[in-house]
There are 2 protein chains.
Amino acid sequence: MPDSAFGEIRDLPLFAAMTDVNFAALVRGAYVQTFPAQIELIAEGDPSDFLHIVLSGSVDLFASWNGREASLSTVRPISTFILAATVRDAPYLMSARTLEKSRIALIPSQDVRAVFDSDAGFARAVVTELAQCYRSVVKAQKDLKLRTSLERLANYLLRQQRRAGGAATFELEHEKRRLASVLGMTPENLSRAFKGLQPHGLAVEGARVTITDQAEFRRFARPSPLIDDATT
Amino acid sequence: MPDSAFGEIRDLPLFAAMTDVNFAALVRGAYVQTFPAQIELIAEGDPSDFLHIVLSGSVDLFASWNGREASLSTVRPISTFILAATVRDAPYLMSARTLEKSRIALIPSQDVRAVFDSDAGFARAVVTELAQCYRSVVKAQKDLKLRTSLERLANYLLRQQRRAGGAATFELEHEKRRLASVLGMTPENLSRAFKGLQPHGLAVEGARVTITDQAEFRRFARPSPLIDDATT
DNA sequence: CCTTCCGATTGATAAATGTCAAGGCCACGT
DNA sequence: ACGTGGCCTTGACATTTATCAATCGGAAGG
C-alpha cells in the first residue's frame, strides 16, 4: 500500500490532527480505486464496511422507495461520505453512484472506529465533520419545506453562480434531470421553472445560464445565510 | 449549583463515559430551568450560547423563511438539541419553542467545547449522538422527497402507533396543525389526508386514531426501516 | 451524410396541494 | 346557561406539480 496514494488525504481536516502511527493504522487496510461514471458504489441498506473519500470526480447520494428515487446530495473532492453510518456501524441510509470518472479512497470502517477510539484528535475532527454534514442536511430540509420549486431553483442558481466564480454567466454542472431530482421536482417541471424565472432576470440556453438582472433575481430568490451559505 | 439537579443527565449516554471532574466542569456554569408552554427558547440565527437538554416536557424545532414556517422535529426527554451548532460554534439553524411546560438544562457552549477537547470519552459520545441526529434528518429528508403527503401521514401513524405501545387505537400527541407542519402540509390538507386513509383501514375521531385493518394499512404505507426505524 | 439515441422541451391533461371563507365542535370562563 | 375563542373541518376554487405523449435537437456512431 504505497503511502503516496494517501498523501492527499493526510492533510484533510479530518486526518490532520491525528498521529502518524494512527494514520498509518487507518490506511493499512485502505485502498484507492478509480471508478468509471455511473457506477453504484454502495446501496442503501448495506452494512457500512468502508468509509469513502472522494479524491477526484463526484458522487451522487440518492435514495429509493417504492419505485421512486431522489438525489439527496452531491459529494465533491475532497470529502468523505457515509461517515455517520461508519461511526454508528449502521446500514447506509443512502446509495451512492459516481457521476463521472472518480478516484475514491476506501478505509475499512472497523479501522475508522478503532482509531477513533484511540486518537482524540481524530475523534474531534470527526465531530466537526459530522456536525457540518448535519447542518447541511438541515439546510436542505429547510430549503425543501419552506420554498416553492421556483424559489429553490432560484436559490440553487445563486449558490451555483457563487461556486462558479460569481460571473453573471455560468454553466450548470449537472444534467438537468438530475438537477430536477436534487431540487425535488420532475424534469418537465424544471424546464418550466427555468421559464418561470425569466421575468425575474434569468436567461438560459442549454447548460449556460445568465442572471441578467442580479438585483431583481436576488429580490425574488431571497437567499438566506441560514439556508444557502455552505460555510456556516 | 446543586448536583442533584444534574443527576438525571449524568447517566445520559452523552455524559456517561466522561470523568467526574469533567462532568463537574460541564455543569459548573449550567443551570436547569422550567419553562411554560409556547416559550421561544432560541431563535434561528442566534449564536449558540448554550447546549440545551430537555429533561421533561417537549420542544419543537422549527424554521422560518419569507413569512413561512415549518416544524422540523420534536425533541423529547431526555435528549439534547442544537448540539451541532454548539460544537461548531455556529449560529442556530432552527428556532426552538416549548410545546408544553418543560424542564430544560442549559450548559454553556464554551464549556461543552472545552471539555470536549479534554475528555476523549465525551468526544466519542458526542460523535455518536451527532451521527444519530444526522441520520434522523436524512430519514426525514427521504420521507419528504420520496413520499406523498398521504404516505407520509400513514407512515407517521405507524410510527406513532409503535411509540404508543402498538395497540390498534392510540392518541395523537400533537395538535393537528402542528402535525401538518411536521408532515409538510397545510392543516386543511391533513384533514383530507385523514379521510383519504379511511379506505385503507383508518378511523379517526378527534385525536383518537384507530387502525382498523393493520394489514391493509401497512400495505398502503409500505414502511421502510431505512426511513421509519428510529433506532437504526 | 444519415441514422439513432437520449435528454430536453412543449402541450394537454390529471392529480395533488394550497388558499380562502364559512361553519361546526368543544373547552373555557363568566 | 351562555357567550367566546381556538381549533378543526368542509367546500369551492386557484395554483402548483405530476403525468403522458409528442417533438425537438444535439452527439455518437455507422
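General remarks:
- With label points set 7 Å from Cα along Cα→Cβ, the inter-copy distances at A:Ala168 are 6.8 nm, sorted shortest first.
- Membrane-span-like helices in chain A, defined here as complete DSSP H runs extending at least 18 Å along the helix axis by their C-alpha atoms with mean Kyte-Doolittle hydropathy no lower than -1.0, are A:120-146; this is a sequence and geometry rule, not a statement about a membrane.
- Look at the stretch B:88-100: the mean tally of other chain Cβ atoms within 10 Å of its residues' Cβ atoms is 3.
- Build a GNM of chain B with springs between Cα atoms under 10 Å apart, and of B:Ala43, B:Ala207, B:Ala70 the one that fluctuates most is B:Ala207.
- For A:Glu40, inter-copy label distances in nm, listed shortest first [label point 7 Å out on the Cα-Cβ vector]: 4.6
- Summary value for region B:66-198: 25 percent relative contact order, contacts being C-alpha pairs under 8 angstrom separated by 6+ residues.
- Charge dipole of chain A about the Cα centre (unit charges at C-beta), most positive-ward option of A:Phe217, A:Gly166, A:Ile9: A:Phe217
- Taking every residue in B:77-85 and counting other chain Cβ atoms within 10 Å of its Cβ, the average works out to 2.
- Selected from B:Val112, B:Val87, B:Val21 as most flexible by GNM, with chain B as the system and alpha-carbon contacts under 10 Å: B:Val21
- Taken along the Cα-to-beta-carbon direction at a fixed 7 Å, the label points for A:Asp11 and A:Ala25 span 2.6 nm.
- Fluctuation leader among A:Glu171, A:Glu40, A:Glu205 - chain A, Gaussian network, Cα springs under 10 angstrom: A:Glu205
- Pairs over the 20 Å Cα-Cα cut-off, from the set A:Lys145/B:Lys142; B:Lys139/B:Lys195; A:Lys176/B:Lys145: B:Lys139/B:Lys195.
- Taking 18 Å as the cut-off, the amide N atoms of region B:127-156 that come nearer than this to a point 7 Å along the Cα-to-beta-carbon line of B:Arg219 belong to B:151, B:154-155.
- Relative contact order, whole percent, for region B:3-144 stands at 33, derived from Cα pairs under 8 Å and 6 or more residues apart.
- Between A:Val75, A:Leu26, A:Ala203, the Cα set farthest toward the positive side of the dipole of chain A (charges on each charged residue's Cβ, about the Cα centre) is that of A:Ala203.
- In nanometres and ascending order, the distances from the A:Ala207 label point to those of the other copies are 5.4 (point 7 Å from Cα along Cα→Cβ).
- Label separation (A:Ser118 vs B:Glu100): 4.8 nm, computed from points 7 Å beyond Cα along the C-beta direction.
- Taking amide H positions as modeled 1.01 Å from N, with prolines and chain starts lacking one, the residues under 5 Å from B:Leu93 and 5 or more places away or on another chain are B:Gly45.
- Shielding value for A:141-149 is 6, the average number of Cβ atoms from other chains within 10 Å of each residue's Cβ.
- Area buried, chain B against chain A - accessible surface, total, 1.4 angstrom probe, square angstrom: 5000
- Relative to the Cα centre, the charge distribution of chain B, modelled as +1 at Lys and Arg Cβ and -1 at Asp and Glu Cβ, gives a dipole magnitude of about 940 debye.
- Cα-based shape type of region A:41-133, given that a ≥ b ≥ c are square roots of the gyration tensor eigenvalues and the cut on a/c is 1.5: prolate
- Taking Cα centre as origin and charging only the Cβ of basic (Lys, Arg, +1) and acidic (Asp, Glu, -1) residues, the dipole magnitude of region B:140-232 rounds to 220 debye.
- Cα gyration tensor category, rounded, prolate or oblate, for region A:60-214 with a/c compared to 1.5: prolate
- Charging the Cβ of each Asp and Glu at -1 and of each Lys and Arg at +1, and nothing else, the dipole of the protein assembly as shown about its Cα centre rounds to 1460 debye.
The values are calculated or read from the model by the stated rules, or taken from the named source; none is laboratory data. Only a predicted model underlies this, so the values are computations on that prediction, with no experimental measurement involved. As a convention, Cβ positions derive from the backbone with ideal geometry for all residues, glycine included, and neighbour counts pool all protein chains shown. Calculation scope for accessible area: heavy atoms of the full protein, side chains included, ligands and nucleic acids excluded. Shrake-Rupley method; radii C 1.70, N 1.55, O 1.52, S 1.80 Å.
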